[in-house]
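J.: If you scroll down you'll find the structure; I have some questions about it.
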Amino acid sequence: MQKDIATPIRTKEILNKYGFSFKKSLGQNFLIDPNILRNITEVAGLTKHSGAIEIGPGIGALTEHLARTSKKVLAFEIDGRLLPILEDTLSPYANVEILHQDVLKANLKTVIAEKFDGIEDLMVVANLPYYVTTPIIMKLLEERLPLRGIVAMLQKEVADRISAKPGTKEYGSLSIAIQYYTIPETVMIVPKTVFMPQPNVDSAVIRLIKREQPVVQVLNEEFFFDIIRKSFAQRRKTILNNLSNGLGKDQKEFILDALHKTDIDPKRRGETLTIEEFGKLSDSLWEFVN
Ligand code: SAM
């Protein structure tokens with residue numbers, strides 16, 4: 001087997017060979033610990049029949065672990081300076097394809113249909129660029145791609161918000177948006193020392209396994225998420241006040257009515273409502289509106 005790209009010595013050799021300098025603006029913090037990479041790959045549960053999509057391969061540290069454990073790896077890299085490096089470091093792996101593309105602009109549905117034809121088990125596995133963690137995860141979920149799930153390294157603070165339960169200070173619209181589509185689990189807390197350069201924040205690896213159906217069936221999904229955002233607009237305010245501010249003061253009576261119908265005390269704060277309660281409330285409001 002090849003020597004790992006991710007050892008500190010080999011990473012430094014590669015960076016020196018190509019005179020590569022990190023771009024902070026692209027969230028470039030490369031992993032330099034092969035054990036962490038083995039763990040990430042294991043948590044993803046890949047087999048020789050699986051496909052893996054990576055976002056931001058860097059110099060290929062995680063990519064090679066994915067290549068060793070899955071059938072095919074497709075990686076999106078925005079930084080063109082990394083392409084010749086990846087061609088070199090990943091030359092032993094015939095099952096890797098790199099696309100020079102901003103993942104946020106990619107047409108993922110088409111790319112997946114084209115590149116993973118016949119592959120039934122598909123996971124996104126990535127050490128995400130921290131400046132765009134949330135937009136990337138939301139894109140992957142909202143576009144309803146044929147994924148089993150996502151394993152991602154991200155800021156610990158974001159991982160805490162994603163898996164937060166009602167009634168905690170971390171619970172908010174991000175927790176609900178992600179728990180609507182997936183079952184999240186923080187599988188590892190990761191020290192700063194395994195990155196080069198070291199980031200300013202603590203990190204965690206989170207696994208999101210997609211639900212077959214969203215956790216609640218609502219009449220209008222866009223309206224549901226809009227109600228949630230409005231309910232959290234000012235965390236210290238009650239659900240009634242936040243919704244009246246968001247939907248219009250003249251709507252207070254009909255909001256009160258919907259809260260009563262759904263058995264939700266108007267004095268509660270948004271952060272105490274479960275996803276199911278938000279589902280019922282948004283359906284009741286939607287019926288009023290239409
Ligand atoms: N996977 C490598 C590792 O673990 O060592 C690098 C991870 S580094 C945290 C994030 C990578 O994402 C960088 O290579 C960066 O250039 C790339 N990146 C940043 N924004 C991106 C985007 N919008 N689309 C695709 N790649 C992006």
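The values are calculated or read from the model by the stated rules, or taken from the named source; none is laboratory data. Source: prediction; values computed, not measured. Note that we place each Cβ from the backbone using ideal geometry, even for glycine, and neighbour counts take in every protein chain shown.
J.: Going through region 151-167 one residue at a time, which ones are farther than 13 Å from LEU128 by Cβ and among the small types (Gly, Ala, Ser)?
T.: Correct list: SER163, ALA164, GLY167.
J.: How many residues, within region 143-174, are away from the ligand (no atom under 16 Å from the Cβ), part of a helix (DSSP H, G or I) and under 11 Å from the mean Cα position of the chain (by Cα)?
T.: Result for region 143-174: 2.
J.: So which residues in region 201-240 are in contact with a Lys or Arg (Cβ under 8 Å, 6 or more places away or on another chain) and exposed (fewer than 15 other Cβ atoms within 10 Å of the Cβ), if there are any at all?
T.: Residues satisfying the conditions are VAL201, ASP202, ARG235, ARG236.
J.: Given the conditions (1) exposed (fewer than 13 other Cβ atoms within 10 Å of the Cβ); (2) of a type in the set (S, T, N, Q); (3) touching a residue at least 60 places away in the same chain (Cβ under 8 Å), which single one is not true for THR11?
T.: (1)
J.: Moving to a separate point now. Looking at region 33-63 only, could you name the residues that are among the acidic types (Asp, Glu) and in contact with a strand residue (DSSP E or B) (Cβ under 8 Å, 6 or more places away or on another chain)?
T.: GLU54, the sole residue that qualifies.
J.: What residue, of ALA113, ALA164, is surrounded by fewer than 16 Cβ atoms within 10 Å (Cβ to Cβ), over 24 Å from PHE195 (Cβ atoms) and of a type in the set (Gly, Ala, Ser)?
T.: ALA113
J.: Here is a list: SER70, SER21. Which entry is among the small types (Gly, Ala, Ser) and in contact with a strand residue (DSSP E or B) (Cβ under 6 Å, 6 or more places away or on another chain)?
T.: SER70
J.: Next question. Keeping to region 219-273, report how many residues are at pLDDT 95 or above, assigned to a loop (DSSP other than H, G, I, E, B) and among the basic types (Lys, Arg).
T.: 3
J.: Considering only residues that are more than 15 Å from the ligand (Cβ to nearest atom), of a type in the set (D, E, K, R) and touching a residue at least 24 places away in the same chain (Cβ under 8 Å), which ones fall in region 97-126?
T.: LYS109, LYS115, GLU120, ASP121
J.: Among the residues of region 23-68 satisfying the criterion of being exposed (fewer than 15 other Cβ atoms within 10 Å of the Cβ) and of a type outside the set (Asp, Glu), which is nearest to ASP117 (Cα to Cα)?
T.: HIS49
J.: Mind checking which residues of region 47-80 are within 9 Å of the ligand (Cβ to nearest atom) and not aliphatic (A, V, I, L, M)?
T.: Within region 47-80, GLU54, GLY56, PRO57, GLY58, GLY60, THR63, PHE76, GLU77, ASP79 qualify.
J.: Are any residues in region 1-38 within 22 Å of the chain's Cα centre (by Cα), assigned to a helix (DSSP H, G or I) and of a type in the set (Lys, Arg), and if so, which ones?
T.: Within region 1-38, LYS24, ARG38 meet the criteria.
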